[in-house]
1. Calculate one ³J(HN,Hα) per residue across the range B:231-241 by plugging θ = phi - 60° into the Karplus curve 6.51 cos²θ - 1.76 cosθ + 1.60, and present them in order as whole Hz with x for glycine and proline.
2. Please list, in chain and number order, the residues 5+ apart from B:Glu63 or on another chain whose amide H is under 5 Å from its amide H, with Hs placed from the backbone.
3. Just want to confirm a number: the relative contact order over chain A, from Cα pairs under 8 angstrom separated by 6+ residues, in percent.
4. Please give the helix A:2-14 orientation as an angle from the longest Cα principal axis of chain A, in degrees from 0 to 90, rounded to the nearest 10.
5. Specify whether the C-alpha gyration tensor of the range B:1-62 places it in the rounded, prolate or oblate class, a ≥ b ≥ c being the square roots of the eigenvalues: rounded for a/c under 1.5, otherwise prolate if a/b is larger than b/c and oblate if not.
6. What size of dipole, in debye to the nearest 20, comes out for the range A:2-234 about its Cα centre when the only charges are +1 on Lys and Arg C-beta atoms and -1 on Asp and Glu C-beta atoms?
7. Antiparallel DSSP bridges in chain B: what percent, to the nearest 5?
8. Of all DSSP beta bridges located in the range B:141-262, what percent are antiparallel, nearest 5?
Amino acid sequence: MGKFNVKWEAFADSWREGGDARVIEGLKNTLTIAIIGLVIGIVIGVIIAVVRVMPKYKLLPKILDKICYIYTSFFRGTPMVVQLLVGYYVLFPLMGITVSSLVTCIIIFGLNSGAYLSETMRAGINSVDSGQMEAGRALGLSYGATMIKIVVPQAIKNILPTIGNEFISLIKETSVVSFVGAVDLYNAFRYIGSNNYEFMVPYLIMAMFYIVIVLIISLGIKLMERSLRKSDRRN
Amino acid sequence: MIDVINLTKRYGKLTVLDDISVSIKKGEKVVVIGPSGSGKSTFLRCLNCMEDPSGGQIIFKGENIADMKVDINKHRRHIGMVFQQFNLFNNKTVLQNIMLAPVHLQLKETRKARIKAFFNKDSSIITKKEIIENARQNALRLLERVGLSEKADQYPSSLSGGQKQRIAIARSLAMNPDVILFDEPTSALDPEMVGEVLQLMKEVADDGMTMVVVTHEMGFAREVGSRVLFMDGGKIVEDKPPHEFFTNPENPRLKEFLSKVL
């Protein structure tokens, strides 16, 4: 154990010499990417899911459906790292836009989780009793209005645990963003370790950071589910 | 009120409604009975195009609403519907259930005028607050009428079947419809709750509402109906005032049906 002391001292030195600021920045970026990514993902997911369950009498829904299908196939069929690299080094430069690596990460994470959440959301929408839609339509509400006010809120409630899981996996997947030069938790701790080539303590603490974040999120989801379930409770 | 002309409904090769023509006048209480599979629910659901007819016309207020080009949402506001499974909005409280559609539609209708009024500082136009407050007052009044005022802030999951159906009736009344369609409103209820719902329907009928009711409640048909239709095999085979309908049935299939259910 004597050796561990040395390693701990090395870590403490690195931490004091600017490592702390780096970790705080990394933590901030990790959370930013995951949270904004999830929000974008939910919005995209709802839109795609609604398009995919829409009745397809007319031409426009049919075309939209095809576009959504191609979109989800692409994002579900390629690894996140590839999407980041293609976005950062291929697509955005080709479009002539200069975006920071952080913004690239947020956009790609949003698009990626949108593709995954759309399938979950579709299952959620299908799990809502069709009578809910009928009742809305019978009152003269449009398909879209009934969807947004009645069906989607119930669908989201039904799939809340899955959305929570998606959030957790987004947090974990942020560990690849250093491929395009963004600073995240992993990047910060690697920086600390590479100061003096002592990686044991930094990576141990990094793991603890991740697990604490995930545990906090799990708790948050549990509380949120409980408050959303108040419409199910008999009082 | 509603004129049905040569209404046909097919699912693939199966013909569910076979060339039905019938006219429903203002203030009438039309009760539709028949064996299961006779097409009576489909007939009712075609009246507000919840099922799109395969052929024929539904003339409501002079317009053929079976035409796909017609804005069906506009017409459905005037045709209430009450379902067998109640279909209250599970994510809304009782009060919100009743207020939702009136508020949403009125906000939508007045949106342009309200935006204009906002920029012109015109105070004569109704505000969002007033729309919501009016709908609220109306909803509370309806809740009192159906005797469930104390349930206003509860969610549907905490109500009994009979209470849910009474709320559902209040919800359709909130739109001030010209006619209400009832799709087996008491079939999913415990026997002891059937009475309260039928009583409310009777009161609504006494207030002069035009009603089309698909039901198995022969007592209701006899007591409240102004006309009773008997459907069999996708056709209306008997159409008479209740007294004649029950005492003097002509159609052999109806005779058989009545002998079983009465």
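A short reminder: the numbers here are calculations on the coordinates, not readings from a lab. On a predicted model such as this, the values are computed, not experimentally measured, just so you know. Cβ sites come from the backbone with ideal geometry, for glycine too, and all protein chains shown count toward neighbours.
1. So the J values, rounded to whole Hz, are 10, 8, x, x, 10, 8, 9, 8, 8, 8, x.
2. Long-range HN contacts for B:Glu63: none found.
3. 32 percent
4. Once rounded, one gets 70 degrees.
5. oblate
6. Value, rounded to 20: 960 debye.
7. Beta bridges within chain B, antiparallel portion: roughly 55 percent.
8. Roughly 50 percent of the beta bridges in the range B:141-262 run antiparallel, per DSSP.
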